[in-house]
Each structure stands twice: as structure tokens, then as C-alpha cells.
Amino acid sequence: MGTTIMYEQAGHVAVITLNRPDALNSFNQEMRLDLVEATARARQDASVRVVVLTGAGRCFSAGADLKAGLRNGAQVEQWLNQEYKPSLMNLYEMQKPVIAAVHGFAAGIGISFALVCDLMIMGEGAYLLSPFSNIGLVPDGGATWLLTRAIGYQRAYQMACEAERIPATACLSMGLANRLVPDDRVLAEARAWAENLAQRAPLALAHTKQAMREAAHMDYAGTISYEAALQKLCIDSADSREGIAAFLEKRKPTFTGS
């Protein structure tokens, strides 16, 4: 992993930081590839129970680094599929919660990285921006999928077409963000939230994420059966036995992820 991504772990919480602050954490090829490595590391490390994704400096991310050039359509298509998609899918598919800690702003494909996370905490002065229509492009990195499912087709289409800033208060009211905190407390509050989640049963959090991700593609009857299969796995786990015992004994449970 190079210098464009910082990776640190404290206890069961891993923090992945986009680290090109002088370029507003815009993505060049090095950062794209470093982020694939960092997200794969967090995904595969069993000692990591919760992940925080954030940006260094003034903002979360300004999106693609236009100063690096977009070359041609075929090249950009390749970048999206081979260099952006793997890290986005790592965040989407990893069996642990991921919290986006957004300060300043998230723009362009930076929105996709914020929205693909399971939870989002924003600074009170932060905003989201989909600027693609201003430069003759379409939202990418799965933004059309993420936005339409989060806020509905009409609102998502307006957001994309008008390239409007969506302030943190609006993000909260629309359900794009979970919490608003003072701008200088975003990462600290995200860490605290992650540490709280890390004390919960890892298998329960993993299978709940799995069920909710799959529910977007399934009908109601199929979802009930899918939940039942996951519940069988949970019931037979040591964490479930510990959780039930702790409840009956009126004590705090100690979960091991098994």
C-alpha cells in the first residue's frame, strides 16, 4: 500500500483514510489501487469488526482527479471496472459494518464511496455534490443505483441533473446520512460509533448486512426464507448462546465472532 491511503487499526476498528489532501483526496491511479488493497485487507482481517472510511484534510473526496486527465472513454470504462469497482465491492460485500465519516464534502465518485458504506456520519457544514452533468458525464461508481434506492428516482434524477449541493441537514432528512455532528468532531464521533458497534455480535451484524443487501433484489417471500437460513446460522453460534446467557444473567455479553 502506498502513501495515498492511510490504514490504521485500534482494537477491532480499522480506519481507512483517503490521503491526498492537497488534491482534495481526488482519485488518481495510485489512490485507486491503494484503496483496493486497503479495503481487501479490512475485508479479510477477522480481527477487524468495524471499518471507518474518511478523508484527510479539508474534505472526504472531490472525486476523480480531472487534472490527471480522463484520456478517452475506453480508458475510463476500464478504470471504473478494474480500479474503482473492486474497492466499492469490497465495501459493499464485506461482512462487517462500514461507516463513512464525511467532512467538508463528497463529490463525484466520492459520493459513491460515501453511499456504498452501511452508515454515514456527516459534519454539520458538509455536503454531497453530483457534478457530472456540468462536465457532460453521468454519475458513476454505482451512484445511480445507490441514490435511487436511497431517495427515489425523481429526487435522485433531480440531484444528478441540477448538480446541486445537498447540505448535511438535507442528507439527514432524506435518509442519506444517519448522524450530524460538529465539523471538527466527525472522525472522533465515527470512531466512537465504530467502537460501540465493535462490541456487538459480529455474526449478527454481518448477517443483518447480508440480509438487507440481498433484500433489495428479492421478493417478500424469498426474503423471509433467506432470513430464516441466516437465523439458523446465528442461533447455532457461540455468540448467540453468549448473548442469551448474558441477557438471562443480566450482564454485558462478550462476543467473539464465533
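The values are calculated or read from the model by the stated rules, or taken from the named source; none is laboratory data. Predicted model, so just to flag it, every value in this text is computed and none were measured. Methodologically, a virtual Cβ is constructed for each residue, glycine included, from the backbone with ideal geometry; neighbour enumeration extends over all protein chains shown.
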Problem - Any hit, segment 217-231, residues being within 22 Å of the chain's Cα centre (by Cα) and surrounded by 15 or more Cβ atoms within 10 Å (Cβ to Cβ) - result: no
Problem - Residue in segment 78-86 that is in the same structural domain as GLY104 (by TED's automatic domain parsing), under 26 Å from ALA206 (Cα atoms), under 17 Å from the mean Cα position of the chain (by Cα) and in a strand (DSSP E or B) present - result: no
Completion exercise
Among (1) surrounded by 16 or more Cβ atoms within 10 Å (Cβ to Cβ); (2) not assigned by TED's automatic domain parsing to the domain that holds ALA100; (3) not polar (S, T, N, Q), ILE235 falls short only on (1)
Exercise for the section: Within segment 141-162, count every residue that is without any contact (Cβ under 8 Å) to a residue 24 or more places away in the chain, over 14 Å from PRO131 (Cα atoms) and in a helix (DSSP H, G or I). Expected result: 5
Practice task
Check whether at least one residue in segment 207-216 is under 17 Å from LEU119 (Cα atoms), touching a residue at least 40 places away in the same chain (Cβ under 8 Å) and of a type in the set (S, T, N, Q), and report yes or no.
Solution key: yes
Completion exercise
Expected single match for surrounded by 14 or more Cβ atoms within 10 Å (Cβ to Cβ), of a type in the set (A, V, I, L, M, F, W, C), assigned by TED's automatic domain parsing to the domain that holds LEU129 and assigned to a helix (DSSP H, G or I) among LEU176, LEU180, LEU172 is LEU172
Practice task
Return a yes/no flag: does segment 191-204 have any residue that is among the aliphatic types (A, V, I, L, M), under 27 Å from ALA215 (Cα atoms) and over 20 Å from the mean Cα position of the chain (by Cα).
Solution key: no
Exercise for the section: Tell me which residues, restricted to segment 140-166, are over 20 Å from LEU80 (Cβ atoms) and surrounded by fewer than 17 Cβ atoms within 10 Å (Cβ to Cβ). Expected result: ALA150, GLY152, TYR153, GLN154, ARG155, TYR157, GLN158, CYS161, GLU162, GLU164, ARG165
Practice task
For segment 34-47, indicate whether the set of residues that are at positive phi and not hydroxyl-bearing (Ser, Thr, Tyr) is non-empty.
Solution key: no
Fill in the blank from the handout: Filtering segment 1-57 down to residues that are out of contact with any strand residue (DSSP E or B) (no Cβ under 8 Å at 6 or more places or on another chain), in a helix (DSSP H, G or I) and over 30 Å from SER258 (Cβ atoms) yields ASP22, ALA23, GLN29, GLU30, ARG32, LEU33
Exercise for the section: Can you work out which of the residues in segment 91-113 that are within 19 Å of ASN19 (Cα to Cα) and part of a helix (DSSP H, G or I) is farthest from the chain's Cα centre (by Cα)? Expected result: ILE109
Exercise for the section: Go through GLY57, GLY69, GLY63 for me and flag whichever is in contact (Cβ under 8 Å) with a residue 60 or more places away in the chain and in the same structural domain as ALA177 (by TED's automatic domain parsing). Expected result: GLY63
Practice task
Filter segment 114-163 down to the residues that are under 17 Å from the mean Cα position of the chain (by Cα) and of a type in the set (D, E, K, R), then identify the one that is modelled with the highest pLDDT.
Solution key: ASP118
Problem - Only one of ARG58, ARG71 that is closer than 21 Å to TYR127 by Cβ and surrounded by fewer than 14 Cβ atoms within 10 Å (Cβ to Cβ) - result: ARG58
